[in-house]
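The values are calculated or read from the model by the stated rules, or taken from the named source; none is laboratory data. Nothing here was measured: the structure is a model prediction, and the numbers come from that model. Cβ placement follows ideal geometry from the backbone for every residue including glycine, while neighbour counts extend to all protein chains displayed. The accessibility values were calculated without ligands, DNA or RNA, using every heavy atom of the protein model including side chains. Shrake-Rupley method; radii C 1.70, N 1.55, O 1.52, S 1.80 Å.
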Amino acid sequence: TMAHSKALLVLENFIAGKFVPCSSYIDSYNPSTGEVYCRVPDSGKEEVEAAVKAAKTAFPIWSSKSPLERSQILNKLADLIEHDLEAFAQAESKDQGKTITFARTVDIPRAAYNFRFFASSILHHTTECTEMATMGCVHYTSRTPVGVAGLISPWNLPLYLLTWKIAPAIACGNTVVAKPSEMTSVTAWMMCKLLEKAGVPHGVVNVVFGTGAKAGEALVCHPDVPLISFTGSTLTAQRITEKSAPHCKRLSLELGGKNPAIIFDDADLNQCIPTTLRSSFANQGEICLCTSRIFVQRGIYSEFLKRFVAEAKKWKTGNPSDPTVDVGALISKEHLEKVRGYVKKAQAEGARVLCGEGVDSLALPTGNQKGYFMLPTVIAEVKDESCCMQEEIFGPVTCVVAFDTEEEVIERANGVKYGLAATVWSSNVGRVHRVAQRLQSGLVWTNCWLIRDLNLPFGGMKASGIGREGAKDSYEFFTEVKTITIKH
């Protein structure tokens, strides 16, 4: 086993500009083979303490740099990520199970763009000013960075969502301690290797690897970390809220979704079907914005279902490193079991599984027999109160049901605890606006999906989270505002 353990990639924490070994490690699996391929530090209080100290030490110098200086450094970091795009994409695909195609075209380009975007936006914020002539006063606001930001990111879009937090945090002049998911830590570790070359001063970005229960908790409970930005499950967010309450921390929580697609009978099915397949099954359905409840108006229900299932069956599941594959492996054995469990529950409740799990056979290449794969699965005739229609499944599973009226479908679409994203398909402009207004959802896409302008707010209602992220929203979250009044 000595030779075997030598071959494993061993990650180290990145604190104060140096890689630091850890006293204990966690195994990380390659989801497409089911084998351990990497060892991740199992950090706790001590490591978080060191990282927070480094971030606190670096704060005065970093926060006093001009926005332009920080902007140039962020752009340089984007250049370096783009230069290594292929290596990052290969690592993300191997570590997460997603297809190489998705990592190449979505994850890594977006990670680089996150730095570019905030490198630009930080140069264009202006503060407010008002005059009170009668009192001889002028009021203005000033914005300053808050301090050390704690950033906790998930396993579904590892570098993409980590950089979506790091970029605005450091652009605004904060320093950070980040904790990526212990299941997908490799690209974060690779990014740490580029920080010095980009000109990021030591201690500005610290990365501590480990579990939520140990490393995450230590970060959330640390008295010197005034902000926590978290993307992940609603359950973990509840714990973060409780643990940070005694410290009055500022929280940004981007949580799950149970996102509806509403398809009216005047929808253009030639556009709707391919897009709804993507919104259901892209990244194995492991995106918080994925569609998992599809409401189809009765007039086109049977046609939609027939065409949708026929197209879903064409999606190719298999080795993520094969560029022709559409669906890679799910993140872990446990997660695969959980997702399969929902399909079994649906069947037990009398719903019809039209394709995928338990219906079609999955042929995998030799090296991938032990991987965590699942076919795109379409379930029909599910009751609205079923756990499959109420809970976030977070896998390649979508439920299709019929509806009759606009009024009825709005009520049903809103009838879950989540409110992150929704899609509406119709060629009637008036209807589109009416429905969008009434959906309890932070994002509504019409006749499209996942087209994002990073300037605009991103985030959810209800159990889908607190706060918004975007050019203006992230700037407001990562800075303190002060009102100054001058009598002249």
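What percent antiparallel are the DSSP beta bridges of region 85-187, to the nearest 5? Write down the numbers at each step before the final one.
Values: 4 of 9 bridges.
So the antiparallel bridges in region 85-187 amount to around 45 percent.
Please give me the summed charge of the neighbours of E407: other residues whose Cβ is under 13 Å from its Cβ, Lys and Arg +1, Asp and Glu -1.
On the way: positive: R412, R431, R434, R438; negative: D404, E406, E408, E411.
With Lys, Arg at +1 and Asp, Glu at -1, the net is 0.
Given points 7 Å out from each Cα along the Cα-Cβ axis, report the S302 to E337 separation in nanometres with one decimal.
That separation, rounded to one decimal, is 4.2 nm.
Subtracting the Cα-Cα distance from 0.36 nm times the residue separation, let me have the gained length for M132 to L362 in nm, one decimal. Intermediate results must be reported in sequence, preceding the final value.
Numbers: separation 230, 0.36 × 230 = 82.80 nm, distance 7.19 nm.
Working it through step by step, the gained length comes to 75.6 nm.
Tell me the relative contact order for the chain as a rounded percent, counting alpha carbon contacts under 8 Å between residues six or more apart. Display every interim value, and only then the final one.
Numbers: 1114 pairs, mean separation 90.8, N = 488.
Averaging sequence separation for qualifying contacts and normalising by length gives 19 percent for the chain.
Could you tell me how many degrees, from 0 to 90 and to the nearest 10, lie between the Cα long axis of helix 186-198 and the main elongation axis, the longest principal axis, of the Cα atoms of the chain?
Once rounded, the angle reads 30 degrees.
So with the 1.4 Å probe, I'd like the accessible area per residue for region 1-145, rounded to whole Å². Provide the component values of the computation, followed by the final result.
Numbers: 7290 Å² over 145 residues.
Result: 50 Å² per residue.
Seen from all sides and averaged, what is the projected area of the convex hull of the Cα atoms in region 1-147, in nm²?
Its Cα hull, projected and averaged over all orientations, spans 13.2 nm².
Return the lysines within reach of K76: Cα separation strictly under 25 angstrom, same-chain partners fewer than 8 residues apart disregarded; answer none if there are no such residues.
The qualifying lysines are K18, K56, K65, K165, K179, K193, K197, K472.
I need the GluC sites (Glu not before Pro) found in region 318-368, filtered to DSSP loop residues with at most 16 other beta carbons within 10 Å of theirs.
Numbers: sites: E334, E337, E349, E357; in loops: E349, E357.
Passing sites in region 318-368 are E349.
Counting only protein heavy atoms, what percent of the accessible surface of region 259-446 is carbon or sulfur at a 1.4 Å probe? Could the numbers behind the result be given before it?
Details: 3680 of 7540 Å².
Carbon plus sulfur share of accessible area: 49 percent.
E480 to T241: extension gain in nm, 0.36 nm per residue of separation minus the Cα-Cα distance? List each step's numbers first, then the result.
On the way: separation 239, 0.36 × 239 = 86.04 nm, distance 2.02 nm.
Length difference between fully extended and current span is 84.0 nm.
Which order do the peptides 175-184, 245-254, 293-302 take when ranked by the mean count of other beta-carbon atoms within 10 Å per residue, highest first?
175-184, 293-302, 245-254
Using a Förster distance of 41 angstrom, determine the FRET efficiency expected from the C-beta separation of T144 and Q390, and round it to 0.05. Numbers along the way, then the final one.
Working: r = 43 Å, r/R0 = 1.05.
For R0 = 41 Å, the calculated efficiency reads 0.40.
Counting DSSP beta bridges with both partners in the chain, what percentage is antiparallel, nearest 5?
Working: 31 of 72 bridges.
Antiparallel bridges: around 45 percent, rounded to the nearest 5.
May I ask for the angle, rounded to the nearest 10°, between helix 158-171 and the longest principal axis of the chain, with both axes built from Cα atoms and the value confined to 0 to 90°?
30 degrees
Relative contact order of region 128-196, please, whole-number percent, based on alpha carbon pairs below 8 angstrom and at least 6 residues apart.
Numbers: 79 pairs, mean separation 20.4, N = 69.
After rounding, I find 30 percent.
If each of N414 and L9 carries a label point 7 Å out from its Cα toward its Cβ, how far apart are those two points in nm?
So the label points at N414 and L9 sit 4.6 nm apart.
Using only Cα atoms, tell me the angle between helix 85-96 and the longest principal axis of the chain; keep it within 0 to 90° and round to the nearest 10.
60 degrees
Send over the Kirkwood Rh of region 163-280, from the inverse of the averaged 1/r over different Cα pairs, rounded to one decimal Å. Please report the intermediate quantities before stating the final value.
Details: mean 1/r = 0.0590 Å⁻¹.
Result for region 163-280 stands at 16.9 Å.
Above 18 angstrom, tally the Cα pairs of region 234-292 and express them as a % of all pairs, no decimals.
So the portion of pairs separated by more than 18 Å is 53 percent.
Reachable lysines from K306, Cα under 19 Å, same-chain residues fewer than 8 places away excluded?
Leaving aside lysines fewer than 8 places away in the same chain, those within reach of K306 are K314, K316.
Assuming R0 = 51 Å, can you tell me the calculated FRET efficiency for the pair C248 and N428, based on Cβ-Cβ distance, to the nearest 0.05?
On the way: r = 48 Å, r/R0 = 0.93.
Approximately 0.60, to the nearest 0.05.
I need to check one value: relative contact order of region 378-476, counting alpha carbon pairs closer than 8 Å and at least 6 residues apart, in percent.
Numbers: 128 pairs, mean separation 20.9, N = 99.
Once divided by the residue count of region 378-476, the mean separation gives 21 percent.
Given N residues in region 259-446, what is its alpha carbon radius of gyration divided by 2.2 N^0.38 Å? Write out the running numbers ahead of the final one.
On the way: Rg = 16.1 Å, N = 188, 2.2 N^0.38 = 16.1 Å.
Taking N as the residue count of region 259-446, the ratio is 1.00.
What percent antiparallel are the DSSP beta bridges of region 259-446, to the nearest 5?
Values: 3 of 25 bridges.
Approximately 10 percent, going by the DSSP bridge assignments.
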